[in-house]
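Have a look at the structure below, then the notes.
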Amino acid sequence: MTSQAREGSIEPEMDAVVLRGPQQFAIERVPTPHPGPYEVLCRVEAVFICGTDPHIIHGDYPGFWPRTYPFIPGHEWAGIVVQLGKGAAELGWRIGDRVAGTSHCGCGYCRMCASGRYNLCENYGHEELGHRQYGHYSQGAYAQYVVHSVRSVFKLPPTLSLEEAAGMDPASIALHTVKRAQVGPGDTVAILGPGPMGLLVLQCARAVGAGRLLMVGRGDRLAMAARLGAETVDYSAVDPVAEVRRLTEGGPQVVIECAGTPTALAQAVEMCHKGGNISVIGIPLQAGTLPIQKLVLEEISLHGVRANRGTCVEVLPLLANGQISIRPLITHTFPLRDFAKALEAFQRRDGAMKVLLKP
């Protein structure tokens, strides 16, 4: 099929969530984008609100995410390919392909991209050199249609629903987080923060062979972790460091920090076993202090995590066979036109976990 095969069925305008400034957003009719070389235009069937999105909407990363306005956020999505840019067909893409997207697209030729670490692309922010980060500074998927590079969309297994596939991006980040922590068969893993990412990390750690899983948190989200098989530590009732160390006889081999607070990061170091590994996916908005002496003298390895490098293709079979499940985390569904209500539900956290939008 040519890139024009379904041109007539694509509306010239689409609904999209458009940011005009910090906390200034509305559903607007905007021109439907067109794919360039080695890009595809996709009809968005399902898109989740990510924990980063409210910060982008509130303007917490000025001049970075987004770099300019107007801007369309959103990056956890799945849909159908409806138009092919030049060269996409030659690479095996077809109109009608069911796909899910990820936010990062490296330039493809810098040193980090050449070594496979495209999530750390040295040309970050330079779209003219081929880099994209969709929904962060490149236009995103809170819309009826989205354009992506073929490097950042992935064909779906036939048994995986589009709603669950929209969770591929956070699930792939969770898997990358677990791999960065070097979780091995039989390891004891403590996770701080039972939000959506923490619960996906929990499932990924089990999928790669963790022997014991502890979750530190409180409330309904901690109860969800228990239902997913974790031993739980309520930090509002006990000292989480002392309790985790007591339960694990000196600390877990792996600690994964998903809460995104300076306090939680310091606690992760304090509870980790000698020679252990810590992965950090939460991004604190304020600086904190770490127990550096323990980190150094006990040879604890601290790993930062930025998105993922190549784990989308790895996580899709795990989603398809049920070893990792998005379905229990989907608590709310809204049409795209009710985005303001969906965002309010997500931020209120009154039972909300993964909030799904249907464009």
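The values are calculated or read from the model by the stated rules, or taken from the named source; none is laboratory data. Here the structure is a predicted model, which is why all the values come from computation and not from measurement. With ideal geometry, Cβ positions are generated from the backbone for all residues, glycine too; neighbour counts draw on all protein chains shown.
Of note, residue 130 does not satisfy the criterion of being more than 24 Å from residue 196 (Cα to Cα) and surrounded by 24 or more Cβ atoms within 10 Å (Cβ to Cβ).
Just wondering, is there one or more residues in region 324-337 that are under 30 Å from residue 113 (Cβ atoms) and either assigned by TED's automatic domain parsing to the domain that holds residue 53 or not polar (S, T, N, Q) (or both)? Taking every residue of region 324-337 in turn, at least one turns out to be under 30 Å from residue 113 (Cβ atoms) and either assigned by TED's automatic domain parsing to the domain that holds residue 53 or not polar (S, T, N, Q) (or both). Where helices (runs of 4 or more DSSP H) fall entirely within region 152-254, those with at least 3 residues that are within 26 Å of residue 295 (Cβ to Cβ) are at 168-180, 196-207, 240-247. Of the residues in region 1-9, not one is under 25 Å from the mean Cα position of the chain (by Cα) and either in a loop (DSSP other than H, G, I, E, B) or in the same structural domain as residue 349 (by TED's automatic domain parsing) (or both). Restricting region 60-118 to residues that are hydrophobic (A, V, I, L, M, F, W, C), in contact (Cβ under 8 Å) with a residue 40 or more places away in the chain and more than 24 Å from residue 34 (Cβ to Cβ), the residue that is surrounded by the fewest Cβ atoms within 10 Å (Cβ to Cβ) is 64. If you check residue 200 against the conditions, is it buried (at least 20 other Cβ atoms within 10 Å of the Cβ), in contact (Cβ under 8 Å) with a residue 60 or more places away in the chain and either outside the structural domain of residue 283 (by TED's automatic domain parsing) or over 21 Å from residue 301 (Cβ atoms) (or both)? Considered against the rule, which asks whether it is buried (at least 20 other Cβ atoms within 10 Å of the Cβ), in contact (Cβ under 8 Å) with a residue 60 or more places away in the chain and either outside the structural domain of residue 283 (by TED's automatic domain parsing) or over 21 Å from residue 301 (Cβ atoms) (or both), residue 200 comes out as yes. Could you look through region 313-330, keep only residues that are surrounded by 18 or more Cβ atoms within 10 Å (Cβ to Cβ) and β-branched (Val, Ile, Thr), and pick out the one that is farthest from residue 199 (Cα to Cα)? Among them, the one singled out is 315. If I filter region 198-219 for residues that are charged (D, E, K, R) and under 18 Å from the mean Cα position of the chain (by Cα), do I get at least one hit? Within region 198-219, none of the residues are charged (D, E, K, R) and under 18 Å from the mean Cα position of the chain (by Cα). The residues listed here are 74, 59; of these, the one that is within 15 Å of the chain's Cα centre (by Cα), small (Gly, Ala, Ser) and in the same structural domain as residue 336 (by TED's automatic domain parsing) is 74. Summed over region 61-83, the residues that are in contact with an Asp or Glu (Cβ under 9 Å, 6 or more places away or on another chain) and basic (Lys, Arg) give a count of 0.
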